[in-house]
Amino acid sequence: MEQIKRRIIDEFNLRKQADDLGVKVWQTPSFMFIVMGLVIVAAMTGVDIISQYYDSPNVLIVSETLVVSILFIIGYFVIHSIESVAQANKMKSEFVAIASHQLKTPIAEMNWQTELLLSKFHEGLSEKQAEIVHEIVHSSSKMARLVNDLLDVARIDQGQLALTKDRVDMCTLVKDVVDSEMAFAKTAGVQVRNTCPAASFEVIGDRRRLSVALDNLISNAIKYTEKGGIVEVILEANGQELQICVRDNGVGIPRSEQVRIFQKFFRSNNSVKNKTDGTGLGLYIAKNIVEQSGGKLWFQSIEHAGSEFYFTLPLA
Amino acid sequence: MEKKKLLIVEDDAILQKSLEDFLSTEGFEVSCASDGEAGVEMAHTNKPDLILLDIVLPKKDGYEVLQEIKADEAVSHIPIVLLTNLGSVSDVEKALELGATTYLVKADYKLEEVTAKVKEILEIA
């Protein structure tokens with residue numbers, strides 16, 4: 001009941017809608033529909049009154065034509081305002097795509113030069129200097145990650161996320177991702193375990209994107225688990241599908257937030273409490289990558305007890 | 001064994017130099033072009049075993065270079081790896097349709113991985 005009430009209030013909160021959509025109040029679709037409704041009621045009353053006084057079909061035809069044309073005009077404005085919202089949304093995505101693309105060139109420059117320095121030209125670097133270069137590499141990969149996330153979101157929004165089709169062994173991929181999170185887990189005081197019951201589980205998918213999806217789930221699990229907690233990654237074949245579960249015994253997701261966690265830029269209140277950094281894009285991206293790879297992603301969570309995130313992928 | 005010849009067509013000086021430095025220490029004979037026109041020309045004069053080709057280039061873009069090379073029998077057999085920072089569905093499809101062997105996103109690949117890919121292709125080819 002409470003939800004229905006809120007829904008109705010939201011529907012009539014034109015100022016908020018206008019702010020959300022970035023248009024003027026009179027341009028919001030809800031306002032237009034209200035006006036349209038009022039016009040229809042007024043027109044019907046008018047036609048009724050007119051038909052009582054004038055018994056001429058001509059007058060009726062003229063008044064009906066008038067009403068229909070008014071409705072058409074309002075309809076035009078409704079469509080126009082919806083179009084301008086869609087347009088603004090498209091421009092935003094395009095802007096993000098262009099900006100991220102421009103950012104990628106300097107990131108590539110930085111990556112390749114530091115790699116050169118550490119691989120082919122490392123002679124003469126002192127231990128301290130090498131350590132500093134490693135820190136630079138770490139920072140630049142953090143930035144690359146952020147830019148990639150933004151770009152992926154822009155592509156998902158435009159239906160333009162291109163996934164490559166590599167033959168990927170998920171056992172190895174899980175192990176690699178877990179290894180890459182070890183340093184973070186150690187600082188957080190969280191244990192990460194992974195189990196793979198078979199020698200290999202091959203799927204066809206985008207190796208880099210799949211590790212991004214998995215990494216988002218594992219790093220979330222570590223972030224939202226307190227010191228001494230355990231994060232487990234469990235692989236399991238289920239008919240023609242591979243099911244991967246990331247389980248933690250952390251703070252869990254409050255029931256009130258559970259419907260929103262796959263929304264873009266959504267961040268749990270817990271993240272504020274726990275002072276964890278993040279953009280709120282991880283789960284949105286992970287879900288889209290998994291679904292575009294032919295799988296499903298879902299979760300169950302109990303506050304103060306922990307969360308379990310599952311995803312499936314068709315086995316090759 | 002004779003050194004394999006690579007041609008790098010890349011307008012960003014730093015990226016070009018990094019690739020050149022890395023690949024030449026890996027035992028390749030590397031030549032570079034900084035725009036599309038020079039790229040096509042050097043594909044003919046140098047007869048490289050593989051071309052690493054950027055997409056956003058001055059004078060002629062990577063797609064045009066790709067098209068011209070693939071349309072010319074003298075050089076059409078040379079495998080071409082696109083190096084790009086684009087990577088939306090349409091870009092990738094377009095490149096593969098035009099005959100590129102594969103594509104790599106620069107910011108996501110280490111020089112070591114680019115090298116591994118080059119070696120992989122040259123062994124198959």
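The values are calculated or read from the model by the stated rules, or taken from the named source; none is laboratory data. Predicted, not measured: the structure shown is a model, and the values here were computed from it. Glycine gets a Cβ as well: all are built from the backbone with ideal geometry, and neighbour counts include every protein chain shown.
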**Message:** Go through (1) at pLDDT below 80; (2) closer than 20 Å to B:Val114 by Cβ; (3) among the acidic types (Asp, Glu) for A:Glu109 and report which single condition fails.
**Reply:** (1)
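Yes/no per residue for (1) touching a strand residue (DSSP E or B) at 6+ places or on another chain (Cβ under 9 Å); (2) hydrophobic (A, V, I, L, M, F, W, C):
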position: B:Lys4; (1), (2): yes, no
position: B:Leu7; (1), (2): yes, yes
position: B:Glu10; (1), (2): yes, no
position: B:Ala13; (1), (2): no, yes
position: B:Leu19; (1), (2): yes, yes
position: B:Glu26; (1), (2): no, no
position: B:Val30; (1), (2): yes, yes
position: B:Glu37; (1), (2): no, no
position: B:Val40; (1), (2): yes, yes
**Request:** Among the strands (runs of 3 or more DSSP E) lying completely within the range B:3-92, list those that include at least 1 residues that are within 14 Å of chain A (Cβ to nearest Cβ) and within 30 Å of A:Leu150 (Cβ to Cβ).
**Result:** B:5-9, B:50-54, B:80-84
**Message:** Quick check on my filter: what residues within the range A:104-135 are part of a helix (DSSP H, G or I), away from chain B (no Cβ under 12 Å) and not polar (S, T, N, Q)?
**Reply:** A:Glu127, A:Lys128, A:Ala130, A:Glu131, A:Ile132, A:Val133, A:His134, A:Glu135
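Does the range A:182-204 include one or more residues that are assigned to a loop (DSSP other than H, G, I, E, B), buried (at least 22 other Cβ atoms within 10 Å of the Cβ) and not hydroxyl-bearing (Ser, Thr, Tyr)?
yes
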**Complete:** Expected single match for assigned to a helix (DSSP H, G or I) and under 15 Å from B:Lys110 (Cβ atoms) among A:His101, A:His138 is A:His138
**Prompt:** more than 14 Å from chain A (Cβ to nearest Cβ), loosely packed, with under 15 Cβ neighbours inside 10 Å and under 30 Å from A:Ile156 (Cβ atoms): does that describe B:Gly99?
**Reply:** yes
**Request:** Return yes or no: is A:Lys223 in contact (Cβ under 8 Å) with a residue 24 or more places away in the chain and farther than 26 Å from A:Gly306 by Cα?
**Result:** no
**Prompt:** Does A:Gln158 satisfy the criteria of being touching a Ser or Thr at 6+ places or on another chain (Cβ under 8 Å), under 30 Å from A:Val25 (Cβ atoms) and within 14 Å of chain B (Cβ to nearest Cβ)?
**Reply:** yes
**Fill in**
Here the residues within the range A:303-316 that are modelled with pLDDT under 90 and aliphatic (A, V, I, L, M) are A:Ala305, A:Leu315, A:Ala316
**Prompt:** Only one of (1) modelled with pLDDT of 90 or more; (2) under 22 Å from the mean Cα position of the chain (by Cα) fails for A:Val178. Which number is that?
**Reply:** (2)
**Asked** Only one of A:Arg193, A:Arg167 is in contact (Cβ under 8 Å) with a residue 12 or more places away in the chain, away from every other protein chain (no Cβ under 14 Å) and basic (Lys, Arg); which?
**Response** A:Arg193
**Asked** What is the one condition in (1) of a type outside the set (Ser, Thr, Tyr); (2) free of Cβ contacts under 8 Å to residues at least 60 places away in the same chain; (3) part of a helix (DSSP H, G or I) that B:Val114 does not satisfy?
**Response** (2)
